[in-house]
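What follows is calculated from the coordinates using simple rules that are stated; it is not laboratory data. The model shown is predicted, which means the values in this text are computed figures rather than measured ones. Neighbour counts are summed over all protein chains in view; Cβ atoms, including those assigned to glycine, are modelled from backbone coordinates with ideal geometry.
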Amino acid sequence: MRKDSGWTTNKNNITICKSCFRNRGTKPIDCSQIKHLEAYKRVLMLSNIRRKANTSHFNLLAKITREKSRIETLLHYGGKCSCCGYDDLNKKIFGRSFLQLHHIEGRKNHSFTKHDNSGSHSFHTKLKKLGYPKGLRVLCRPCNNGMDYNESVCELHKWESSK
Ligand SMILES: [Zn+2]
Ligand SMILES: [Zn+2]
C-alpha cells in the first residue's frame, strides 16, 4: 500500500483509515478522508445486494417446499377430484389450488383439523406428521362448493346426470 494512499495497516495487518483509524468497511467517524466514506458506502451497497439476493433465493426455496408438500398431500388423498375426476394438481386460480382438501364429515368433526386452513402449508405438514389420517378427500373447487358433508356427488353433477 502506498504511503499517500490514505490507508495504513494495523498490527493485525488489516487496512485502516489514516484519518480515523477505523477499518475500511466500518462507518467513518470524525474522519477527514472522503475515500473512507466512499469505501464504506460501497461495502454497504454490496451487503444490501447480497441480502436481497439471499432473500429472494430463500423465498423461492420456501415456495418450492410449500408446493411440494401441497402436491404430496393431494396425492395422498387420491390426487384428483373424487366427484368429477379433475386431476390437474398444478392448476391455480386466483393464486389458489384448484384442487382442494375437503373434510368429508365437516371440519369440526376432526379434532386434528379444527383450527386449520385446509390449504395452508402448516396443515399439510401436520397431516404428514399424523400419517395422513382418514376423513379428508380431494375435490375440485366447483365440486367442493356444491357438495354437502357426507355426500359423494356435488349438486352440479347430480343435476347433470339427471338430465
Ligand atoms: Zn370436481
Ligand atoms: Zn362434481
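In the chain, once you exclude exposed chymotrypsin sites (Phe, Trp or Tyr not before Pro) (DSSP loop, at most 13 other Cβ within 10 angstrom), what's the longest stretch remaining? The partial results should precede the final answer.
Details: sites that count: PHE21, PHE94, TYR149.
For chymotrypsin sites (Phe, Trp or Tyr not before Pro) (loop position, at most 13 other Cβ atoms within 10 Å), the longest site-free span of the chain is 22-93.
Using only the alpha-carbon atoms, how far is helix 34-76 inclined from the longest principal axis of the chain? Give it as 0 to 90 degrees, nearest 10.
20
By the gyration tensor of its Cα atoms, with a ≥ b ≥ c the square roots of the eigenvalues, what is the shape of segment 8-53: rounded for a/c under 1.5, prolate for a/b over b/c, or oblate?
Details: a/c = 3.27, a/b = 1.67, b/c = 1.95.
Taking the square roots of the gyration eigenvalues as a ≥ b ≥ c, segment 8-53 is oblate.
What percent do you get for the relative contact order of segment 15-109 when only Cα pairs under 8 Å and 6+ apart count? Could the numbers behind the result be given before it?
Values: 58 pairs, mean separation 11.4, N = 95.
Contact order relative to length: 12 percent.
Any chance you could tell me what percent of the C-alpha pair distances in the chain go past 25 Å?
Values: 7237 of 13203 pairs.
In whole percent, the share of Cα-Cα pairs in the chain beyond 25 Å is 55.
Filter the trypsin sites (Lys or Arg not before Pro) in segment 1-89 to those in DSSP coil with at most 10 other Cβ atoms within 10 Å of their Cβ, and list the result.
Values: sites: ARG2, LYS3, LYS11, LYS18, ARG22, ARG24, LYS35, LYS41, ARG42, ARG50, ARG51, LYS52, LYS63, ARG66, LYS68, ARG70, LYS80; in loops: ARG2, LYS11, LYS18, ARG22, ARG24, LYS80.
Those that pass, being in a loop and sparsely packed, are ARG2, LYS11.
Mind listing the Cα extents of segment 34-127 along all three principal axes, in Å, largest one first?
Principal axes ranked by extent give 71, 29, 21 Å for the Cα atoms.
Can you tell which of VAL153, VAL43, VAL138 shows the greatest fluctuation in a Gaussian network model of the chain with Cα springs below 10 Å?
It is VAL43.
Residue by residue through segment 137-146, which ³J(HN,Hα) values in whole Hz follow from phi under the Karplus form 6.51 cos²θ - 1.76 cosθ + 1.60 (θ = phi - 60°), with glycine and proline marked x?
8, 9, 9, 6, 4, x, 5, 4, 5, x
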